[in-house]
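The values are calculated or read from the model by the stated rules, or taken from the named source; none is laboratory data. Given the structure is predicted, the values throughout are model-derived calculations rather than measurements. Cβ atoms come from the backbone with ideal geometry, glycine included; neighbour counts cover every protein chain shown.
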Amino acid sequence: MYSTLISTSELQELLQSGAPCMVFDCSFDLAQPDAGIQMFKASHLPGAVYANLNIDLSAKGDRLRTGAESGGRHPLPSRENFANWLGQIGFGNDMQAVVYDRQGASYCGRLWWLLKWLGHERVAVLDGGLQAWQASGGAVVPGPSQTLSHTVFSITEPLVALVSAETVLGNLGKADQTVIDARAAPRFRGEVEPLDPVAGHIPGALNRPFTNNLTAEGFFKSKDVLRHEFEELLGARRPENTVHHCGSGVTAIPNILAMAIAGLGNTALFAGSWSEWCSDPTRPVAQG
């Protein structure tokens, strides 16, 4: 079972073993929402299923619109609606999920987290993404998503924590909450804001751009390096009190994954993130 990362060699062995497994391509582009599916159609791992951030992994899509579990630009679908989608594509509770993208794990982490939220432990991010797969000699193919017979995916207790804007607001300034913002430093400081109507950050938040988790070659840094970097960032703060956010609850997840790799536990996600926070003018905003 793989529950955080899987290497290209481990994935090759897993696929050759015949064990129940589904591979998901989560490639996406926020500026060009249709680009992800075009990338997928041009080349993807054999047998992979495409998971679209806007349509399949958030409540923006018509199939998952009802019962959103968060606000923000990419609201979480309800657990029930997401489980129904998994069943429709043939993903079952006995399967190992492997998720990847070609944008430095910017988007595939969303599916990793959603499956954990439904209680599914067997899900891992392909370290290095599509680029690492091809560099290791892995085959790619063009064409549409694979289709499997429908099944029923059963929801169990969440393996990850979700917090609301109200919870974050109520705990501002308290020792039992540390907010980490995964956005790039200029956005965190409020110098630029390309996507949301208000610039800045949640008061008291720490900044850890999600790209800091990767090496220059696009792989996650080692467990020891990640642990050192997060401990240095947190100082005397307790890791288990960490709440992660970003712009819309997507790129915060590489920080959650990195802390898990580092052995620092399962930390929480504020899924609505900055886009939900700044939508209410009564919530405080800091800059600098």
query = In the range 12-38, which residues are surrounded by 15 or more Cβ atoms within 10 Å (Cβ to Cβ) and touching an Asp or Glu at 6+ places or on another chain (Cβ under 8 Å)?
reply = 25, 26, 27, 28, 36
key: Residues being more than 21 Å from residue 167 (Cα to Cα) and crowded, with 22+ Cβ neighbours inside 10 Å - total across the range 231-260   = 4
key: Cβ-Cβ under 8 Å pairs, at least 6 apart or on other chains, the range 120-145 side closer than 25 Å to residue 254 by Cα and assigned by TED's automatic domain parsing to the domain that holds residue 14, far side at pLDDT below 95 and part of a loop (DSSP other than H, G, I, E, B)   = 121/1; 122/1
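Every residue, every condition in (1) without any contact (Cβ under 8 Å) to a residue 60 or more places away in the chain; (2) among the aliphatic types (A, V, I, L, M), yes or no:
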{"position": "4", "(1), (2)": "no, no"}
{"position": "11", "(1), (2)": "no, yes"}
{"position": "14", "(1), (2)": "no, yes"}
{"position": "18", "(1), (2)": "yes, no"}
{"position": "26", "(1), (2)": "no, no"}
{"position": "31", "(1), (2)": "yes, yes"}
{"position": "34", "(1), (2)": "yes, no"}
{"position": "46", "(1), (2)": "no, no"}
{"position": "70", "(1), (2)": "no, no"}
ask   = Just to be sure, is residue 112 over 15 Å from the mean Cα position of the chain (by Cα), buried (at least 17 other Cβ atoms within 10 Å of the Cβ), of a type in the set (Phe, Trp, Tyr) and within 25 Å of residue 221 (Cβ to Cβ)?
value = no
ask   = So which pairs qualify, if the first residue must be in the range 228-241 and within 17 Å of residue 207 (Cβ to Cβ), the second must be part of a helix (DSSP H, G or I) and charged (D, E, K, R), the Cβ gap must be under 8 Å, and the two must be at least 6 apart or on different chains?
value = 239/231
request  = Consider only pairs whose beta carbons are under 6 Å apart and that are at least six residues apart or on different chains; among these, list those whose first residue lies in the range 82-108 and is over 30 Å from residue 209 (Cβ atoms) and assigned by TED's automatic domain parsing to the domain that holds residue 27 and whose second residue is in a loop (DSSP other than H, G, I, E, B) and hydroxyl-bearing (Ser, Thr, Tyr).
outcome  = 87/151; 90/149; 90/151; 92/151; 93/154
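Please work out which residue is nearest to the chain's Cα centre (by Cα), limiting yourself to the range 167-186 and to residues that are of a type in the set (Gly, Ala, Ser) and not in a helix (DSSP H, G or I). Give the steps one after another, and end with the answer.
Just the residues of the range 167-186 that are of a type in the set (Gly, Ala, Ser), to begin with: 170, 173, 175, 182, 184-185.
If we keep only those that are not in a helix (DSSP H, G or I) too, we end up with 173, 175, 182, 184.
Values: 173: 26, 175: 26, 182: 12, 184: 16 Å.
Per the stated criteria, the residue is 182.
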